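K.L.:
Have a look at this one before I ask anything.
The values are calculated or read from the model by the stated rules, or taken from the named source; none is laboratory data. None of the values given here were measured: they were computed from a predicted structure. FYI the Cβ positions are ideal-geometry reconstructions off the backbone, even for glycines, and counts take in every protein chain you see. Just so you know, the surface numbers come from the protein's heavy atoms only, side chains and all, with ligands and any DNA or RNA stripped out. Shrake-Rupley method; radii C 1.70, N 1.55, O 1.52, S 1.80 Å.
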Number of protein chains: 2
Amino acid sequence: MATLNAISDKTSIAQDVEALHLAFKGLGTDVNTVIRILGHRNSDQRQLIIRAYKDLFQGDLIKRLESELSGEFEKAMYRWMLEPADRDAVLAHVAINQGRKHYHVLVEIVSVLSPEEVLNVRCAYHDRYKRSLEEDVAAHTTGDLRQFDILKLGFDFEHLLVGLVSAFRYGGNEINAKLAKTDAEILHESMKEKNGNHEEAIRILTTRSKAQLLATSTATEMIIAYPLPSDFHKALHTAIRCISDYHKYYEKVLLNAITRIGIEREDAITRVVVSRAEKNMKDIMELYYKRNSVHLEDEIAKEFHGDYKKFILTLLGKEI
Amino acid sequence: MATLNAISDKTSIAQDVEALHLAFKGLGTDVNTVIRILGHRNSDQRQLIIRAYKDLFQGDLIKRLESELSGEFEKAMYRWMLEPADRDAVLAHVAINQGRKHYHVLVEIVSVLSPEEVLNVRCAYHDRYKRSLEEDVAAHTTGDLRQFDILKLGFDFEHLLVGLVSAFRYGGNEINAKLAKTDAEILHESMKEKNGNHEEAIRILTTRSKAQLLATSTATEMIIAYPLPSDFHKALHTAIRCISDYHKYYEKVLLNAITRIGIEREDAITRVVVSRAEKNMKDIMELYYKRNSVHLEDEIAKEFHGDYKKFILTLLGKEI
């Protein structure tokens, strides 16, 4: 279930736009009004607001928000205002350009989403960057490869990433139990082996249907703690986790962001909350409570502050 | 331009279905009626006929045609009656299962079609075979690989094919001339080198937009006669030719089928004519005449016979 408390569709978009315009006026911004409005509108409503703002004030609302707001709050609002596929295209692009340690975001996006949703992200990527997503992924991983000069695992890393991005998985529920067993063994071997032959593991993970992969990952315990000696192994691990149970995966991303102090913790919180507030954030929050015996919203209230905290809690359905 | 002479949309589908039903009745089939009707209906009309036949006679028209007709004529009619994306899914599936020397059909399909059309083929493949196209391509090329034990080129072959099948190319017209030049050099090297590093060539050919690849293949003369020492090189060559100028490619396929006697020549003729009769078969025929100084229809009339010949010539817009 979603956590977003969106108001009814009968709301007046024109009134919203007028109120936002007023909130931007004069010195300083009436941030509370901005959060009160945009933190309670669903994706369709936000797109209508963007269009109405353009019609009424000949301005780009997203750009205006960027100039009115700042820091992590601005970043979160920017992501929130984009349509889901466009947002994921931006997140993927940022991850690709930030280098190897951000590639898990890319793996996460294409492994969590449905085949059709991944396709929409690829279309949005075309529109925005005038290249294909797989083109940028391949170009960047190849670049890294030369730099790091760990040839075989470098190739494997590139093939896995490009394969995950390019996959258009069959969406049916048919399962081949025998195949699941042999696939599981191959994936298991690949996770254990530093210098193994990973071609088969890549083939399995980038071409099988999700239902089949789910049967595969239950056929053996894939998500046990492996040492993950390379970026390839990390990507393989992330993909398996996202495909097997992305609620659990997101719960872990949030837990890490809450408990580990670092400059990029807001990035993770924002990504999960903004992506999931209109989908199944409530389920992720319940899982978080079940596993950690603390409420996610309490942790966020404790760890963060200011407008950013206000906005994230609003998206989590917790008024303050 | 198309060669199919489809009758106007005001035609009575019910009359068509009745006439086909009559043509099937009794001993033998009234083949001329079957050709007269189905050889003059466009894709939408044929689908309506299939549906109306089912409603009226509770039967599967395609299966009925298979039992009424035989040989290469039956095969051509079967392909003709399928919707374009479904037909290409079938052609791809047959090619994959017939082994390495038929892979050019797969490369041809995914290289000639637009990104959206390839996607439709992948969807049709899901519906029909309950697996993804890339899954079957990867599984079969891997199988061959073990058998032939030419490891590196085997991997390259698999990566190229899976990459071509999975590509969702950017469809815009922007061109980077500098990139085209360096890409052309890499592709050139790869075509020349038997044991080279083909990773970069694969990356270029499977991720760039068609406009960019077109600029690339004009930047250097890619289609000159290379020795093509391996299946990898053959696939690379076919993909470049199909992307650069598929009219010319098809003209060559037809010429080979006409001039080289072999059991599979009808396969090639059928594939090109059935796929292109509603699209741009006229342009391909004109090119054929320009390059060979003989009319394709005259060659087909000379080389083939019977109902097969009648049907193909009908699709080429040549009544007999």
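K.L.:
Pick from B:GLU158, B:GLU199, B:GLU251 the residue whose mean-square fluctuation is largest in a GNM of chain B, springs joining Cα atoms under 10 Å.
P.N.:
Ranking B:GLU158, B:GLU199, B:GLU251 by mean-square fluctuation puts B:GLU199 first.
K.L.:
Would you mind telling me which residue in B:LEU38, B:LEU65, B:LEU48 has the biggest mean-square fluctuation in a Gaussian network model of chain B, where springs connect alpha carbons within a distance under 10 angstrom?
P.N.:
Top of the fluctuation ranking is B:LEU48.
K.L.:
Give the carbon-plus-sulfur fraction of the accessible surface of chain A in %, rounded to a whole number; probe 1.4 Å, heavy atoms of protein chains only.
P.N.:
Here it works out to 52 percent.
K.L.:
While we're here: Pairs of Cα atoms under 8 Å, at least six residues apart: use those to get the relative contact order of chain A, whole percent.
P.N.:
21 percent.
K.L.:
Now for a different question. Estimate the FRET efficiency between B:ALA14 and A:LYS290 by the formula 1/(1 + (r/R0)^6), using the beta-carbon distance for r and 51 Å for R0, to the nearest 0.05.
P.N.:
0.25
K.L.:
Quickly work out the B:GLN47-to-A:ASN5 label distance, labels modelled 7 Å from Cα along the C-beta direction, and quote it in nm with one decimal.
P.N.:
Distance between label points: 4.7 nm.
K.L.:
Counting only helical runs of four or more DSSP H residues, what would the 222 nm mean residue ellipticity of chain A come to if each run contributes -39,500 (n - 2.57) and the total is spread over all its residues?
P.N.:
-22500 deg cm²/dmol
K.L.:
What lysines sit close enough to A:LYS309 to cross-link, taking a C-alpha to C-alpha distance under 28 Å and skipping anything fewer than 8 places away on the same chain?
P.N.:
A:LYS25, A:LYS63, A:LYS75, A:LYS101, A:LYS248, A:LYS252, A:LYS279, A:LYS282, A:LYS290, A:LYS318
K.L.:
Let me ask another. Quick one: divide the alpha-carbon radius of gyration of the stretch A:183-265 by 2.2 N^0.38 Å and tell me what you get.
P.N.:
Its radius of gyration relative to the 2.2 N^0.38 Å reference: 1.15.
K.L.:
With the label 7 angstrom out along Cα to Cβ, how close does A:ASN197 come to the same site in each of the other copies, in nm, nearest first?
P.N.:
With the label placed 7 Å along Cα→Cβ, A:ASN197 yields 2.2 nm.
K.L.:
Copy-to-copy spacing for A:LYS130, label 7 Å out on the Cα-to-C-beta vector, in nm, shortest first?
P.N.:
Taking the point 7 Å beyond Cα along Cα→Cβ, the inter-copy spacings are 4.6 nm.
K.L.:
A further question follows. Once you have the Kirkwood Rh of the stretch B:248-315 from its Cα pairs, apply Stokes-Einstein at 37 °C and 0.692 mPa s and quote D in µm²/s.
P.N.:
277 µm²/s
K.L.:
Let me ask you something else. With a 1.4 Å probe and all protein chains left in place, how much accessible area per residue does the protein assembly as shown have, in Å²?
P.N.:
With all protein chains present, the protein assembly as shown gives 44 Å² per residue.
K.L.:
Still on this structure: Taking 60 Å as R0, compute the FRET efficiency from the Cβ-Cβ separation of B:ILE62 and A:LYS101 and round it to 0.05.
P.N.:
Efficiency for this residue pair is about 0.65.
K.L.:
Related question: Excluding ligands, DNA and RNA, what is the accessible area buried between chains B and A, summed over both sides, using a 1.4 Å probe, to the nearest 100 Å²?
P.N.:
Between B and A, the summed buried area is about 2600 Å².
K.L.:
At a 1.4 Å probe, which residues in the stretch A:116-132 are at least 40 Å² less accessible with all protein chains present than in their chain isolated?
P.N.:
A:LEU119, A:HIS126, A:LYS130
K.L.:
Follow-up. What's the local net charge at A:VAL253, with K and R +1, D and E -1, over the other residues with C-beta under 12 Å away?
P.N.:
That works out to +3.
K.L.:
In the stretch A:167-202, which residues become less accessible by 30 Å² or more once every protein chain is in place, relative to the chain on its own, using a 1.4 Å probe?
P.N.:
A:PHE168, A:TYR170, A:GLU199, A:GLU200
K.L.:
Would you mind computing, in nm to one decimal, how far apart the modelled labels at B:HIS21 and B:THR33 are, each placed 7 Å from Cα along Cα→Cβ?
P.N.:
1.1 nm
K.L.:
Hey, another quick one. Please tell me the relative contact order of the stretch A:248-315 in percent, rounded to the nearest whole number, where contacts are Cα pairs under 8 Å and at least six residues apart.
P.N.:
32 percent
K.L.:
Okay, moving on. List the residue from chain A whose beta-carbon is nearest to the axis that rotates chain A onto chain B, together with that distance in whole Å.
P.N.:
Nearest residue, distance rounded to whole Å: A:SER166, 2.
K.L.:
If you don't mind, there's one more thing I want to ask. For the modelled label position 7 Å from the Cα of A:ASP245 along Cα-to-Cβ, which residues of the stretch A:1-21 have backbone nitrogen atoms closer than 18 Å?
P.N.:
Flagged as within label range: A:1.
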